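Inspection log for the structure reproduced underneath, given as structure tokens.
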Amino acid sequence: MKHQLKHYLTYIPLALSICFMGINVASAADVPANGGKEFAGTHFGIGLTITQNNQEAIEDRVEDAQIINGIVRVTKERNQLLRLMLETHYFFTPDISFFNLTKARTWGFGPFVGVQTGSEEIIDAIGGGMMIGFKRTDSNESFNIGIGYVIDNNVKVLGNGFSPNQPPPAGETEVRFKEKTQGGVLLLVSFAF
């Protein structure tokens, strides 16, 4: 029960971000027309992301593996993913400076949601978290950085009974794989121009 509760607590930032996404719809008119794309009334920009596997009870993302001399050898894995995601966010802009480094109302913080489209599925990954952004004075240009949690569909892992650097299950001559949904930590950087 304790493990299940811990598992579900990892989804809280994502759920909160999705709830706050409606706030961004109301503020879409404030976003410059050249800063991204609008879909269903919500403004999306492009974010550069890195995803790191959540190391607790998560299987390695395996691209390829072989049985060599009776041992399963992973020849290619991808536990860190670099990718572009569509992202939307909402900033609360305080009327104070950021540690005396910026002017008031030129920085903000708030929730973000990121989506990666896929070739086999409409949505390949979805993530959310908290973001902070810094706007240039008298400009629409900004630099934003966020941290959160991402859920990936169709993550390729070793099949049941197969473990890296261990003999394969009895009677198996080739490595089997399976696809599953898996989460990880998400770091997102975006620029608005």
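The values are calculated or read from the model by the stated rules, or taken from the named source; none is laboratory data. These numbers were taken from a predicted model, which means no experiment stands behind them. Every residue, glycine among them, receives a Cβ derived from its backbone with ideal geometry; neighbour counts consider all protein chains shown. Accessible surface is based on the protein model in full, side chains and every heavy atom, while ligands, DNA and RNA are left aside. Shrake-Rupley method; radii C 1.70, N 1.55, O 1.52, S 1.80 Å.
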Open to solvent by less than 50 Å² (accessible area, probe 1.4 Å), touching a Phe, Trp or Tyr at 6+ places or on another chain (Cβ under 6 Å) and within 27 Å of Met130 (Cβ to Cβ) - does that describe any residue in the range 65-87?
yes
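Regarding Phe134, is this residue open to solvent by 70 Å² or more (accessible area, probe 1.4 Å), touching a residue at least 24 places away in the same chain (Cβ under 8 Å), farther than 23 Å from Asn79 by Cα and among the aromatic types (Phe, Trp, Tyr)?
Details: open to solvent by 70 Å² or more (accessible area, probe 1.4 Å): no; touching a residue at least 24 places away in the same chain (Cβ under 8 Å): yes; farther than 23 Å from Asn79 by Cα: yes; among the aromatic types (Phe, Trp, Tyr): yes.
No.
For the range 64-116, how many residues are among the polar types (S, T, N, Q) and in a strand (DSSP E or B)? First the steps, then the outcome.
From the range 64-116, those among the polar types (S, T, N, Q) are 66, 69, 75, 79-80, 88, 93, 97, 100, 102, 106, 116; that's our starting set.
Next cut, in a strand (DSSP E or B) only: 66, 75, 80, 88, 116.
Qualifying residue count for the region: 5.
Being among the hydrophobic types (A, V, I, L, M, F, W, C) and buried (at least 16 other Cβ atoms within 10 Å of the Cβ) is the requirement here; does Val189 meet it? Spell out the reasoning first.
On the way: among the hydrophobic types (A, V, I, L, M, F, W, C): yes; buried (at least 16 other Cβ atoms within 10 Å of the Cβ): no.
Against the criterion (among the hydrophobic types (A, V, I, L, M, F, W, C) and buried (at least 16 other Cβ atoms within 10 Å of the Cβ)), Val189 does not qualify.
Out of Asn165, Asn154, which single residue is open to solvent by 30 Å² or more (accessible area, probe 1.4 Å), modelled with pLDDT under 95, within 29 Å of the chain's Cα centre (by Cα) and on the phi > 0 side of the Ramachandran plot? Outline the logic, then answer.
Values: Asn165 fails: within 29 Å of the chain's Cα centre (by Cα).
Among Asn165, Asn154, only Asn154 is open to solvent by 30 Å² or more (accessible area, probe 1.4 Å), modelled with pLDDT under 95, within 29 Å of the chain's Cα centre (by Cα) and on the phi > 0 side of the Ramachandran plot.
Among the residues of the range 125-163, which ones are aromatic (Phe, Trp, Tyr) and not in a strand (DSSP E or B)? Break it down stepwise before answering.
Looking only at the range 125-163, we keep the residues that are aromatic (Phe, Trp, Tyr), and these are 134, 143, 149, 162.
Passing the criteria: only Phe162.
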Note: among Gly183, Gly128, Gly146, just one is surrounded by 12 or more Cβ atoms within 10 Å (Cβ to Cβ), touching a residue at least 12 places away in the same chain (Cβ under 8 Å), closer than 23 Å to Thr88 by Cβ and touching a helix residue (DSSP H, G or I) at 6+ places or on another chain (Cβ under 7 Å), namely Gly128
